[in-house]
1. Can you give me the distance in nm between label points at R18 and E180, each placed 7 Å from the Cα along the Cα-to-Cβ direction?
2. With a 1.4 Å probe and all protein chains left in place, how much of the accessible area of the chain comes from carbon and sulfur atoms, in whole percent?
3. In angstroms, what radius of gyration and Dmax does the stretch 183-263 have, counting Cα atoms only?
4. Could you work out which residue, out of K176, K298, K194, moves most in a Gaussian network model of the chain, that is, has the largest mean-square fluctuation with Cα springs under 10 Å?
5. Go ahead and run the numbers for FRET between A134 and E110, Cβ-Cβ distance against an R0 of 22 Å, rounding to 0.05.
6. Looking at the square roots a ≥ b ≥ c of the eigenvalues of the Cα gyration tensor of the stretch 137-279, which shape do they give, rounded for a/c under 1.5, prolate if a/b is larger than b/c, or oblate?
7. For a quick check of your reading of the filter: which trypsin sites (Lys or Arg not before Pro) in the stretch 1-100 sit in a DSSP loop and have no more than 15 other Cβ atoms within 10 Å?
8. Rounded to the nearest whole Å³, what is the per residue volume of the convex hull around the Cα atoms of the chain?
Amino acid sequence: MKISDLGEFNLIEKFSQRFVQHLDPGIVGIGDDCAVIPWSKNESLVVTTDALVEDIHFIKNLINPQDLGYKSLAVNLSDIAAMGAIPTYAFLSLALPKNIEMKWVDLFFEGLGDLADEFNVMLLGGDTTSSKQAIMMSLTLLGRALTDDLKFRSSAKSGDKVCVVGNLGDSAAGLKAIVEKKDLNDDINDLIKKHYRPRIYLREAQWLAKQKSVHAMIDISDGINSDIKHVMKKSNCGSLICLDQLPTSEVLKRTCIQSNWNLNELAVDGGEDYGLLITVDSADFSEMNTHYKNIFGKSLHPIGQVTGQVGELEYQMNGSRCHLKGTGFDHFAIGKLNEVKNGR
Ligand code: ADP
Ligand code: MG
């Protein structure tokens with residue numbers, strides 16, 4: 001058996017079995033966006049780590065080093081946001097081939113440093129090694145939160161509204177444009193920027209964390225088709241998603257028409273948007289959304305609801321049931337977007 005037969009998430013599930021048992025009270029281990037370690041009476045430490053690997057997550061001569069530095073921190077900030085926490089300290093492990101230009105390394109740290117400054121993150125350590133060929137960076141990010149404010153994948157309740165913060169599909173379309181070497185114009189440049197410099201919704205997440213009517217939260221890193229399933233699995237529920245309500249940008253809509261790309265496939269299955277998916281008590285949604293809109297100038301996007309049909313993910317389009325081929329991003333599975341990503 002190969003790990004591609006198992007897939008990324010089954011693999012994690014398999015090896016994590018022995019490590020998720022017998023944890024001290026209050027500790028949350030493998031299985032959410034961050035691990036949680038109780039810190040003081042009211043506060044918890046949260047920890048996440050994410051790696052970027054050359055030719056899997058990026059192609060060196062297609063991404064500029066500042067953007068790569070930005071992204072190596074951004075993907076971790078997104079997991080801290082998903083818990084409703086505040087980022088604090090970072091540790092960076094770097095593997096670099098010996099012949100890499102010093103200028104490239106300087107620019108990488110410039111991109112990382114600028115984003116770290118924006119969110120008051122301090123780099124406190126790491127490790128540096130040489131590599132035979134591929135560049136690899138793994139960043140570990142710590143954060144803190146009031147324990148009562150933490151949001152988990154496991155707290156969705158049947159009847160909740162499923163809502164999204166941010167648009168879906170832009171990043172995947174940007175990646176598609178890069179891979180297919182599309183002619184550049186303002187729209188394509190915009191989508192490529194969304195892929196290389198995803199916006200991280202930390203402030204929104206910290207506000208949502210304070211709302212008792214927000215039950216579950218996860219960041220959308222692998223595409224909602226995949227990320228909603230993580231919530232369903234951990235919360236022991238099902239969900240109904242209305243494809244006609246998915247938030248997509250005007251730029252993406254235009255580009256899909258012009259390029260004959262499938263908007264729904266990109267929005268549902270495209271990863272790396274790094275928005276948020278939350279479930280909200282439906283009785284409180286309207287009032288909470290009004291407050292949210294007053295503060296952030298935009299509404300939350302309701303896209304469906306949590307159901308009691310455990311494990312069942314139903315898609316609807318204009319009120320009728322429909323089926324999707326998509327799988328979300330899995331590092332070891334062989335799917336449509338995976339082929340694009342891994343085949344770059
Ligand atoms: P995310 O997309 O939010 O970063 P992942 O899907 O990468 O989360 O991982 C899911 C869960 O599995 C997380 O809790 C993560 O810490 C854990 N995990 C993933 N890979 C490993 C590993 N190699 N060792 C231990 N835990 C892991
Ligand atoms: Mg995550």
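The values are calculated or read from the model by the stated rules, or taken from the named source; none is laboratory data. Predicted model, so just to flag it, every value in this text is computed and none were measured. Cβ coordinates were reconstructed from backbone atoms using ideal geometry, including for glycine residues, and neighbour counts include every protein chain displayed. Accessible surface areas use protein heavy atoms only, side chains included; no ligands, DNA or RNA. Shrake-Rupley method; radii C 1.70, N 1.55, O 1.52, S 1.80 Å.
1. With each label placed 7 Å out from Cα toward Cβ, I get 4.7 nm.
2. For the chain, the apolar C and S fraction of the accessible surface comes to 51 percent.
3. For the stretch 183-263, the Cα-based Rg and Dmax read 15.8, 47 Å.
4. K298
5. On the way: r = 22 Å, r/R0 = 0.99.
According to the calculation, E is roughly 0.50.
6. Details: a/c = 2.36, a/b = 1.63, b/c = 1.45.
It is prolate, given that a/c is not under 1.5 and a/b is the larger ratio.
7. On the way: sites: K2, K14, R18, K41, K60, K71, K98; in loops: K2, K41, K98.
For trypsin sites (Lys or Arg not before Pro) across the stretch 1-100 that sit outside H, G, I, E and B with at most 15 neighbouring Cβ atoms in 10 Å, the list reads K2, K41, K98.
8. Details: hull volume 52.3 nm³, N = 344.
Enclosed volume per residue, from the Cα hull, is 152 Å³.
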